[in-house]
Amino acid sequence: MKILQLSVLSLFLILTGFETDQLPALQDVFEDAFLMGVAIDRQHIFAHEPSATETVKRANRRGYSYQCQIIVDPPALDLVTYHYNSITTENVLKWEEVHPEPGVYDFAASDRFVEIGEANDMFMNGHTLIWHNQTPDWVFEDEHGNELDRDALLERMRDHIHMVVGRYKGRIHAWDVVNEAVNLDGSLRESRWYDIIGEEYLVKAFRFAHEADPDAQLYYNDFLLEIPAKRQGVIRLIEYLQENNAPIHGVGSQSHFNLLEFHDLEEVDQSIVELGELGIDVMITELDINVLPRPGSNTELTDELNPYTDGLPDAVAEELANRYRELFEIYLKNRDIITRVTFWNVTDRDSWLNYLPIEGRTNYPLLFDRDYQPKRAFYTVVDRAKEILKERL
Ligand code: XIL
């Protein structure tokens, strides 16, 4: 009798498509809500190439870049294709990587990125065209090292955007056209783009991208939109773009959180609602939760700044899981506004928070651990999402 019951149960599971020992894929769990994405870099993009290491550029806390070697990571790429239906370029389309010197473009990594996305039918987001970081100094200078004038810089901007967006026309679906143009107080950041061109650089960047690929979705992306003053600045920026007929289709809220100074969840909710009122897509574009103390002006690595080198204590893992649950409750509540939620990195092993703003720390900001295993936060989020989405059926 028992055996019969068991086989009836397994038949039921097979027929209903349930496989008991298989981990639910995030893209399936959230299928009715929004795209689930992740940022990938060279260790994933070249995971199945013959060479075992890749040279990557990393920025230090002052925005200057240095090179280092990383080991390619095939298991992480498997995890990406299993769980996610959207990918973003972590670094390979930033100006310094794709266009390191005047007239020199390096598309090897971004070409491979697009192949991976196409082979897996993924929504692809190119990050990022215009930013103040990871942009070489020569971009703003002539061959004698003198600062470019407005027209010359606009021409350089146009050439770059046309070359990069044009190469992937009809293939990369969306672009973070401008990244981080607003200060914490809501004023416009005085980047070299702003200093030389003036605020119109924003409008121009969107126009150039639209010229290069009229079908691409074009986004503005920024962090700390949970802070009302900054959010108001970003809203003003987007309204300015809209008033000037710049083709903007979405806004990305980076969402780099910190467990020790977690934001008021009402502000997280409010920021999504207010951005949604602009009538464009809202996305969570760089989600992670840093569990380590902020170093402030310290640059020395101390034990205090790196307390969990032997593993994450249970109580902290639980707190992390709860914060993720609360965030996803808000995202799901706003699923009519939010079109995509993207994590910044695949596993705790490759998170940028291990090396920024201080190198050599052991951080735990994501849903997958250093051994590619789902963490408690993963199960908490998945279980809660299933409950909420079922209620809504
Ligand atoms: C980070 C990358 O993850 C690092 O590898 C790099 O060294 C520095 O930049 N906001 C952004 C991203 O928009 O581009 C940043 O990515 C993280 C913060």
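The values are calculated or read from the model by the stated rules, or taken from the named source; none is laboratory data. Since this is a predicted model, take the numbers as computed values, not measurements. Please note: Cβ atoms are built from the backbone with ideal geometry, for glycine as well, and neighbour counts cover all protein chains shown.
So here's what we get for this one:
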| quantity | calculated |
| --- | --- |
| Residues being within 13 Å of the ligand (Cβ to nearest atom) and within 20 Å of residue 81 (Cα to Cα) - total across the stretch 345-361 | 4 |
| Exclusive hit being touching a helix residue (DSSP H, G or I) at 6+ places or on another chain (Cβ under 6 Å), of a type outside the set (Asp, Glu) and assigned to a helix (DSSP H, G or I), set 231, 207 | 231 |
| Counted residues, the stretch 37-46 - those being of a type in the set (S, T, N, Q) and within 7 Å of the ligand (Cβ to nearest atom) | 0 |
| Boolean, residue 251 is in a strand (DSSP E or B) and within 16 Å of the ligand (Cβ to nearest atom) | yes |
| Among (1) away from the ligand (no atom under 16 Å from the Cβ); (2) closer than 27 Å to residue 90 by Cα; (3) of a type outside the set (D, E, K, R); (4) without any contact (Cβ under 8 Å) to a residue 60 or more places away in the chain, the one test that residue 302 misses | (2) |
| Residues satisfying the stated conditions in the stretch 368-377, i.e. buried (at least 20 other Cβ atoms within 10 Å of the Cβ), within 11 Å of residue 317 (Cα to Cα) and either without any contact (Cβ under 8 Å) to a residue 60 or more places away in the chain or touching a Ser or Thr at 6+ places or on another chain (Cβ under 6 Å) (or both) | 375 |
| Identity of the residue in the stretch 165-211, basic (Lys, Arg) and surrounded by 17 or more Cβ atoms within 10 Å (Cβ to Cβ), that ends up nearest to the ligand (Cβ to nearest atom) | 192 |
| Within the stretch 47-164, strands (runs of 3 or more DSSP E) holding 3 or more residues that are under 27 Å from residue 219 (Cβ atoms), more than 16 Å from the ligand (Cβ to nearest atom) and of a type outside the set (S, T, N, Q) | none |
| Pair list, Cβ < 8 Å and 6+ apart or interchain, from the stretch 271-285 residues that are over 19 Å from residue 36 (Cα atoms) and hydrophobic (A, V, I, L, M, F, W, C) to residues that are within 16 Å of the ligand (Cβ to nearest atom) and assigned to a loop (DSSP other than H, G, I, E, B) | 275/225 |
| Every residue from the stretch 187-229 that is under 22 Å from the mean Cα position of the chain (by Cα) and at positive phi | 224 |
| Where residue 288 falls short, out of the listed (1) part of a helix (DSSP H, G or I); (2) touching a strand residue (DSSP E or B) at 6+ places or on another chain (Cβ under 8 Å) | (1) |
| Identity of the residue in the stretch 254-266, assigned to a loop (DSSP other than H, G, I, E, B) and surrounded by fewer than 18 Cβ atoms within 10 Å (Cβ to Cβ), that ends up modelled with the highest pLDDT | 264 |
